[in-house]
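Derivation of every value follows stated rules applied to the coordinates shown; laboratory data play no part. Model, not experiment: these values are computed from the prediction. Here the Cβ positions follow ideal geometry from the backbone for every residue, glycine too, while neighbour counts run over all protein chains shown.
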């Protein structure tokens with residue numbers, strides 16, 4: 001069913017029942033596509049899980065341009081969708097502008113920031129630097145060359161936040177390790193450019209990197225593919241990407257966008273709004289993936305040391321510096 005038909009159908013249902021019908025939630029994917037095998041796909045998986053468990057449905061749209069952000073928000077709100085869930089920091093400004101016009105609709109933005117959160121908006125953020133610290137440790141322990149790489153998507157503070165945690169974890173294991181870092185671009189197109197991801201991976205390999213962490217959305221597919229082809233290890237992000245190249249992906253930094261979307265849909269119109277929700281290691285909002293696809297790459301010592309660091313971070317005995325603290329990283333320049 002097309003988006004327009006679904007919107008018209010939802011609007012008709014709301015009109016006929018005068019608000020007594022079940023309000024379908026809506027999910028708006030960021031640029032990069034629903035099946036980016038990373039951030040957006042994690043959101044889709046969370047929504048699909050909710051729909052399957054509760055026998056309900058949700059509205060959805062994949063954006064094709066920046067101009068569609070506000071338009072999609074308004075159409076879903078006018079169709080009676082509740083809550084309207086958005087993925088990606090770029091939605092923060094449109095949500096902030098639209099939300100006051102629809103006070104009875106609850107909006108969710110994942111990864112965004114607002115100076116003042118409207119009363120019908122929930123912002124969900126993650127402590128990506130904590131999870132990235134752990135995979136940085138694994139990268140350093142797995143590296144044979146003493147050089148590891150980081151490939152980010154769009155060059156924004158959020159992605160530098162990933163990279164900074166990764167660098168701190170790697171340096172904790174090997175203070176002399178070399179970190180090679182590149183960003184894919186400065187526009188949203190950087191989230192969906194696997195060819196550029198492949199080129200950057202080859203360039204980092206030429207500089208000695210034998211483990212590369214991709215925090216780049218759909219661009220990361222090219223990073224992981226090239227790393228596998230060239231015989232080095234990669235690290236996935238957001239979703240568990242270990243299976244994409246079994247035995248060649250060291251691990252994946254899990255960012256539980258799926259859980260955030262699932263919980264928002266489950267709470268529905270009872271969703272708490274008007275503030276921030278932050279998910280880190282303590283809340284299982286971030287972590288690292290270990291399964292049958294990478295277990296042969298993770299030694300007992302690696303697992304022990306990383307889990308020890310995880311426990312120390314949760315207990316407050318080990319602090320991972322956030323890039324946002326001073327808009328800089330204490331161990332590497334991004």
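Odds and ends about this structure:
- Quotient of C-alpha Rg and 2.2 N^0.38 Å, computed over region 21-97: 1.06
- With Cα atoms, 0 to 90° folded angle of helix 257-267 axis to the chain main axis: 30 degrees
- All Cα pairs of the chain, percent lying beyond 34 Å: 24 percent
- Dividing the alpha-carbon radius of gyration of region 265-334 by the rule-of-thumb value 2.2 N^0.38 Å gives 1.52.
- Tilt relative to the chain, helix 219-230 - C-alpha long axis, 0 to 90 degrees, to 10: 30 degrees
- Applying Stokes-Einstein at 10 °C and 1.306 mPa s to the Kirkwood radius of region 170-241, computed over alpha-carbon pairs, gives a translational diffusion coefficient of 128 µm² s⁻¹.
- Rounded D (µm²/s) - region 69-172, Kirkwood Rh over Cα pairs, Stokes-Einstein at 4 °C, 1.567 mPa s: 83 µm²/s
- Over 19 Å [Cα-Cα, region 130-279], rounded percent: 51 percent
- Against the empirical 2.2 N^0.38 Å (N residues), region 193-334 has a Cα radius of gyration ratio of 1.19.
- Relative exposure of 329, 164, judged by other C-beta atoms within 10 Å (fewest first): 329, 164
- Binned Cα-Cα distances of region 130-215, short to long, each 5 Å bin given as a whole percent: 3, 17, 27, 23, 18, 9, 2
- Which of 184, 93 has the fewest Cβ neighbours within 10 Å, and the rest in rising order: 93, 184
- Nearest-ten-degree value, helix 68-78 long axis tilted from longest Cα axis of the chain: 40 degrees
- With both residues required to sit in the chain, DSSP beta bridges show an antiparallel share near 5%.
- Taking each DSSP H run with n ≥ 4 as -39500 (n - 2.57) and averaging over every residue of the chain yields -12500 deg cm²/dmol at 222 nm.
- Neighbour-count ranking [beta-carbon atoms within 10 angstrom, fewest first] of 198, 38, 252: 198, 38, 252
- Distance from region 215-267 to region 22-73 (C-alpha centre basis), Å: 18 Å
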